[in-house]
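What follows is a set of notes on a single structure, which appears directly below.
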Amino acid sequence: RALHPRAQGELVAMLRELLRQAPRTQIVATSHSPYMADHFSPDAVVVISRPDGGDTVARPLSEHPDQKLLAAMTTGEFLHASGAGWYWR
């Protein structure tokens with residue numbers, strides 16, 4: 001919480017080094033920070049929602065229907081700008 005964007009990048013680098021040293025390790029993390037999302041590919045960013053109180057839906061950002069816009073922005077910019085609702089349609 002409240003981690004400076006530069007420190008977020010350093011955290012990601014540290015976690016990637018950990019994964020390099022222990023390749024069987026899996027890390028699952030959550031964040032609302034578009035700066036954090038910038039350090040990952042759209043396939044690695046999973047958007048999770050529970051539309052209308054129903055079933056939980058999880059889809060990678062790479063499944064967003066506007067791939068042209070996704071290609072023109074950083075992952076974090078696109079995540080911030082894409083809005084809600086596309087992932088359960």
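Residues in region 70-89 that are open to solvent by 70 Å² or more (accessible area, probe 1.4 Å) and modelled with pLDDT under 85 were compared, and the one that is farthest from residue 8 (Cα to Cα) is 89. Among the numbered conditions (1) in contact with a helix residue (DSSP H, G or I) (Cβ under 8 Å, 6 or more places away or on another chain); (2) in a helix (DSSP H, G or I); (3) open to solvent by 80 Å² or more (accessible area, probe 1.4 Å), the only one that residue 43 does not meet is (2).
Remark: pairs (first residue in region 1-12, over 9 Å from residue 38 (Cβ atoms); second residue assigned to a helix (DSSP H, G or I) and open to solvent by less than 80 Å² (accessible area, probe 1.4 Å); Cβ separation under 7 Å; 6+ apart in sequence or on different chains) = 3/11.
So which pairs qualify, if the first residue must be in region 48-61 and over 18 Å from residue 75 (Cα atoms), the second must be in a loop (DSSP other than H, G, I, E, B) and open to solvent by less than 50 Å² (accessible area, probe 1.4 Å), the Cβ gap must be under 8 Å, and the two must be at least 6 apart or on different chains? Pairs that qualify, where the first residue is over 18 Å from residue 75 (Cα atoms) and the partner is in a loop (DSSP other than H, G, I, E, B) and open to solvent by less than 50 Å² (accessible area, probe 1.4 Å), are 51/85. Do you know which residues across region 60-69 are under 11 Å from residue 47 (Cβ atoms) and open to solvent by 60 Å² or more (accessible area, probe 1.4 Å)? Once the filter is applied, which keeps residues that are under 11 Å from residue 47 (Cβ atoms) and open to solvent by 60 Å² or more (accessible area, probe 1.4 Å), region 60-69 yields only 63. Residue 56 falls short on exactly one of the conditions (1) open to solvent by 30 Å² or more (accessible area, probe 1.4 Å); (2) polar (S, T, N, Q); (3) under 15 Å from the mean Cα position of the chain (by Cα), and that condition is (3).
For the criterion of being modelled with pLDDT under 90 and open to solvent by 60 Å² or more (accessible area, probe 1.4 Å), residue 31 passes.
Among the residues of region 75-86, is there at least one that is among the β-branched types (Val, Ile, Thr), assigned to a helix (DSSP H, G or I) and closer than 26 Å to residue 4 by Cα? Steps first, answer last, please.
Step one: list which residues in region 75-86 are among the β-branched types (Val, Ile, Thr), which gives 75.
Narrowing the set further to residues that are assigned to a helix (DSSP H, G or I) leaves 75.
Then drop every residue that is not closer than 26 Å to residue 4 by Cα, which leaves 75.
Yes: one or more hits.
Checking each residue in region 1-59 for being charged (D, E, K, R) and closer than 19 Å to residue 70 by Cα picks out 38, 43, 59.
Scanning region 12-40 for residues that are in a helix (DSSP H, G or I) and over 24 Å from residue 81 (Cβ atoms) turns up 13, 14, 15, 16, 17, 18, 19, 20, 21. For region 10-26, the set of residues classified as within 21 Å of residue 62 (Cβ to Cβ) and surrounded by 10 or more Cβ atoms within 10 Å (Cβ to Cβ) consists of 12, 15, 16, 19, listed by residue number.
The values are calculated or read from the model by the stated rules, or taken from the named source; none is laboratory data. Just so it is clear, the structure is predicted and the values come from calculations on it, not from any experiment. Here Cβ is always computed from backbone atoms with ideal geometry, including for glycine, and neighbour counts include all displayed protein chains. The protein model used for the area step is the full one, side chains on, heavy atoms only, and it has no ligands, DNA or RNA in it. Shrake-Rupley method; radii C 1.70, N 1.55, O 1.52, S 1.80 Å.
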